[in-house]
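Trainee: Following this message is one structure expressed as structure tokens.
Here, each number is a calculation from the coordinates, and none is a lab measurement. From a predicted model like this one, the values you see are computed outputs, not experimental measurements. Cβ: placed from backbone, ideal geometry, glycine included. Neighbour counts: every protein chain shown.
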Amino acid sequence: MRNVEYILPLALVAVFFGPTWFRIPAAGPVAKAYAQDAPSTCTLKGSPLLGRGLQLYDASKDGKVIAEFIGTTVPLSLTIAEDPARVRSKVSTSTGKPTLRLEGWITLDTIPIYAVKDVDAVGEQVKIAGGYPVKLVKGAQGKLTAELTIAGSEGQTLRGTGPCDAFSLEWARPTIYDPPQHARPYLMKGQSLDLFDKPNGENIYTLTMAEGASPLFHSVETRGMFQRVVSRSDVVIDAWVKVGSLAPIKKGDRIESPPSAPAQKASARMVLESPAPAKSATKDIPVRAQRDDKEKAIGVLEKGAEFFVIQVVSGWINVLPKELHISPPSGGGFWIKAEDAP
């Protein structure tokens, strides 16, 4: 969908985010959360649509909430954790132009991720197809392991491992299979289908579908009691099956349609207005979640970034970027030292 720009008067920001956003944090010592570096795995980039209220933390485990996404598309650089189910993945919000860039950790299953190339799952015979959403379950240097829930099945999953560039935060149009002229179309006779690596070979995978559901297969070769079939949907299959395990259909009776681009809500960016003019950072300025020199910086107000001054308190300034993708949590803020302000 077309991106939509929202213009909000700065006075309404308190209403939008809630009155607690404007509270001055309580004085006193603040426990310092030491953020753990993410392992050296794959880093994915893109601008996914992130749900409103999704939280960004200052550590890979436990830690504090430092910001919340507001329901827009957000440019991200995402480094996948080795064990995404147990540890958050490292994220940096980056737009490619001067802005408030935050760095923190996020739960991976809250971010849409796609296979953009075919990913080997069972040898060369069974693959996860590019163009479909997946769940990343493991990260390693230079590769990722993903899990796909097979469409039309009763929850059957398929795992595959591929290089970093086989995955993205951006959807990619899948490849359309164009069967040869001599290929005959088939559907599964029953709910399960055994796949073999070669005629009279090893049973490498059993596809189990819900009643009445079946991928579209094309038979391209027959040897004895086995036929080689090819199928491309969310799963790519190029394997051998036993003759008689598939039911022939007429050509043109069924055509597999590739998925369309995932629907995204509008609200790609939000721009704030204020009676006071926006300021522009003259250098990179560290940003903290609290008014405390001992606090680790959570990001940078980049040189040239436009921002509004929300509060001035004891040598600290609470700021909000003019282009808004992310907001402080309740009771928090984006604080810079007054001496760093232009």
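Trainee: According to the Kirkwood expression over distinct Cα-Cα pairs, how big is the hydrodynamic radius of the range 116-168, in Å?
Mentor: Hydrodynamic radius (Kirkwood, Cα only) of the range 116-168 equals 11.0 Å.
Trainee: Work out the charge dipole of the range 128-270 with +1 on the Cβ of Lys and Arg and -1 on the Cβ of Asp and Glu about the Cα centre, then indicate which of N200, V236, P259 is farthest towards its positive end.
Mentor: P259
Trainee: Starting from the exponent 0.38 and prefactor 2.2 Å, build the expected Rg for the range 275-342 from its residue count and divide its actual Cα Rg by it.
Mentor: Numbers: Rg = 11.0 Å, N = 68, 2.2 N^0.38 = 10.9 Å.
Computed over Cα atoms of the range 275-342, the ratio equals 1.00.
Trainee: If you build the convex hull over the alpha carbons only and average its shadow over all orientations, what do you get for the range 134-271? Give it in nm² to one decimal. Could you put the intermediate results ahead of the total?
Mentor: Working: hull surface 45.8 nm².
If I average the Cα hull's projected area over directions, I get 11.4 nm².
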